[in-house]
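What follows is a set of notes on a single structure, which appears directly below.
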Amino acid sequence: MISKLRRGTMHRLLCGSLVVCPFLLQAQNNLVPNPSFEVLDTCPYRIGFLLGDRPSDWFSWNSTPEYFHTCAQALNGMDTVVGVPINGWGYQPAWHGQAYVGMHSYATGVTFREYVGAELLCPMVIGRTYHISLRVNMVNGGSTWSAGGACNNIGALFTMESNAWTSTSDIPIGPPFSIRNYAHVYSEEIISDTVNWILVEGDFVADSAYRHIVLGNFFDNAHTDTIPSEIGFVLAYFLIDSVAVMDEEEDCLPTAHQAIPSGIPWVQYDQGSSSLLLGDPSKGLLDYQILNGAGSVIRSGKVVAGTRLSVANLATGVFILNAEQEGKASVLKFVVLE
């Protein structure tokens, strides 16, 4: 069933994971970097979305969300709290690939929200229609962290400015992201399914050249509908996977993305010569992967440290370099222009 959203002219369709849902817009270009959270710098090993515990391109925009990946399960088995499919919140395979993110979205008696956000690969074009979609699952309560009850309003919000928490401290630090009581696409129905991944999707006509996407519940408690847990409270925690902002046009003009802090000296991109400088010349060999904006590996190899690698033959767009040298990992985002 398609029903009108509370604001604007958008529409929302809510479907179970076994239901085929027709797209409202046949689009070709996903503006979301690392949309299924597969690309990572370091395997997550603790909660909080801190440096080394978050997927490439994504940051906490408020408080301490989590990043879950199968690599944590492979390293630590069932004892990890950030594994896939078993973690501190329960059991849930990924909708796509090996990873997802999670966040608290409602708490009884207090306005407590966690958000994750990323810079879009290209700014939106004012007046253009975009199709937004994401998969959502409510946790069923794990042995390590408590969660219970369900709520609605999980969705996506677009902004002009970033609120990314980029601090490298052990305790998350960053500016608060205020409640809007508004989102561009969100679920009007309460999401309480703990087995299936629920599709939240809708069409959105851009009224600004938005540069960032944020995920979570952007409504206060008074404007959020809930189902309490068996003992009466609500502490709703949701997993999110496979995020898309689809544009039917293919005229994406990449923004000047900043590099993610590097763990290896001398990992740089030279725009003038369209080349990557890989590794500290005083060190040994370096392993690298180059991924496109969709997270697919398009080139990989091993080079002598200090090598200058040409990327002039790459198509115009945004790319991610994963590099490892003597146990240190680095992620660098770079833009190839015409």
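If the segment from Ser273 to Leu75 were pulled out straight at 0.36 nm per residue, it would be longer than the present Cα-Cα gap by 67.3 nm.
Distance between the modelled labels on Ser169 and Ser296, one decimal in nanometres: 4.2 nm (7 Å Cα→Cβ projection). Cα-Cα pairs above 22 Å in segment 2-247: how many percent? Percentage above 22 Å: 50. Sorting 218-226, 304-312, 112-120 by average packing, meaning the other beta carbons within 10 Å per residue, from highest down gives 112-120, 218-226, 304-312. With each label modelled as a point 7 angstrom along the Cα→C-beta vector, the Asn140-Tyr91 pair spans 0.7 nm. Under a model in which nothing but the beta-carbon of Lys, Arg (+1) and Asp, Glu (-1) is charged, segment 116-233 shows a dipole of about 260 debye around its Cα centre. Give me the percent relative contact order of segment 2-247, please, defined on Cα pairs under 8 angstrom at least 6 residues apart. Dividing the mean separation by the residue count of segment 2-247 yields 30 percent. Working from Cα pairs under 8 Å separated by at least six residues, relative contact order for segment 84-154 is 41 percent.
For the peptides 127-134, 149-156, the ranking by mean Cβ contacts within 10 Å, running from highest to lowest, is 149-156, 127-134.
At full extension, Val110 and Leu314 could sit 68.5 nm farther apart than now, given 0.36 nm per residue minus the alpha carbon distance. Across all directions, the shadow cast by the convex hull of segment 63-153 built on its C-alpha atoms averages 7.9 square nanometres. Gain on full extension, evaluated as 0.36 nm per residue between Thr194 and Asp225 minus their Cα-Cα distance, stands at 9.4 nm. Once both labels are positioned 7 Å from their Cα atoms along Cα-to-Cβ, the gap between Tyr45 and Glu161 label points is 3.6 nm.
Contact order for segment 56-196, expressed relative to its length and based on alpha carbon pairs under 8 Å spaced 6+ residues apart, stands at 27 percent.
The numbers here are math on the coordinates, done by the rules we state, and not lab data. Worth saying up front: this structure is predicted, and the values here are computed from it rather than measured. Every residue, glycine among them, receives a Cβ derived from its backbone with ideal geometry; neighbour counts consider all protein chains shown.
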